[in-house]
Amino acid sequence: MTYSIELMKEEHHNISRMLEVIRQVSIGILEGAPVDLGDFREMVDFIRNYADKHHHGKEEKFLFPVMVAKLGRVADNLVTHGMLVEHDLGRDHVMSLATALDQYEKEPKTEYKLDILTEAMGYARLLKRHVEKENNVVYTFAENQLPPEDMTAIDARSRKFEEEESAKGVQDHYLAILEKLEKKYL
């Protein structure tokens, strides 16, 4: 397995851990726990900046463009009409979740609580399936079909990006949020 694919699978594992936190928090609310706006805002922060900007950023800037350019129509359909559409659907769920949190904070009505749960679980369900498709289909296809020099270039760009983000403390920051929420809810 190449560096970039191994890294992205590791990030998928971390994202999946957050999806389980979201599920457990949602179950707790259904069972009567209060909506912890601070914790939900940390989940949104993790999703937007770790799952989307950090992880999906590597896919969208480094891996997917090479796949589309080099692997033809199958890759174009898989990436453009599959993975990128799902990235956008995830962003929509998170934007709607953030809106619901703001509405609930101003006026803690049941309908806004329902919106919070709907968008949180919509995102979690979408991403769970998305991770499985990328791990089992997209990444395998890329590694099997892209020439080694392309994978080497993708690895180099991913490694440089990771080093820059690490210097800013990005990964440590978001993994600390994940661990804190796991300790509280799992």
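The values are calculated or read from the model by the stated rules, or taken from the named source; none is laboratory data. Since we're looking at a predicted model, the values are computed, not measured. Please note: Cβ atoms are built from the backbone with ideal geometry, for glycine as well, and neighbour counts cover all protein chains shown. The protein model used for the area step is the full one, side chains on, heavy atoms only, and it has no ligands, DNA or RNA in it. Shrake-Rupley method; radii C 1.70, N 1.55, O 1.52, S 1.80 Å.
Here are some notes:
- Near pairs, Cβ below 6 angstrom, 6+ apart or cross-chain, from region 153-172 (in contact (Cβ under 8 Å) with a residue 60 or more places away in the chain) to any residue that is among the basic types (K, R): S158/K58
- One residue alone among A124, A100 is without any contact (Cβ under 8 Å) to a residue 24 or more places away in the chain, hydrophobic (A, V, I, L, M, F, W, C) and crowded, with 17+ Cβ neighbours inside 10 Å, and that residue is A100.
- Here is the figure for region 17-41: residues that are open to solvent by 50 Å² or more (accessible area, probe 1.4 Å) and in contact (Cβ under 8 Å) with a residue 60 or more places away in the chain total 6.
- Tally of residues being open to solvent by 10 Å² or more (accessible area, probe 1.4 Å) and either more than 26 Å from K160 (Cβ to Cβ) or part of a helix (DSSP H, G or I) (or both) across region 1-13: 6
- Filter result for the condition that a residue is in contact with a Leu (Cβ under 7 Å, 6 or more places away or on another chain), at pLDDT 95 or above and part of a helix (DSSP H, G or I), over L114, L89, L97: L89
- Selection within region 42-96 - closer than 23 Å to K168 by Cα, open to solvent by 60 Å² or more (accessible area, probe 1.4 Å) and of a type outside the set (D, E): R48, K53, K61
Results for (1) under 13 Å from I5 (Cα atoms); (2) of a type outside the set (A, V, I, L, M); (3) outside any helix (DSSP H, G or I); (4) open to solvent by less than 30 Å² (accessible area, probe 1.4 Å), shown as yes or no for each residue.
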| position | (1), (2), (3), (4) |
| --- | --- |
| D150 | yes, yes, no, yes |
| I154 | yes, no, no, yes |
| R159 | yes, yes, no, no |
| E163 | no, yes, no, no |
| H173 | no, yes, no, no |
| E179 | no, yes, no, no |
| K184 | no, yes, no, no |
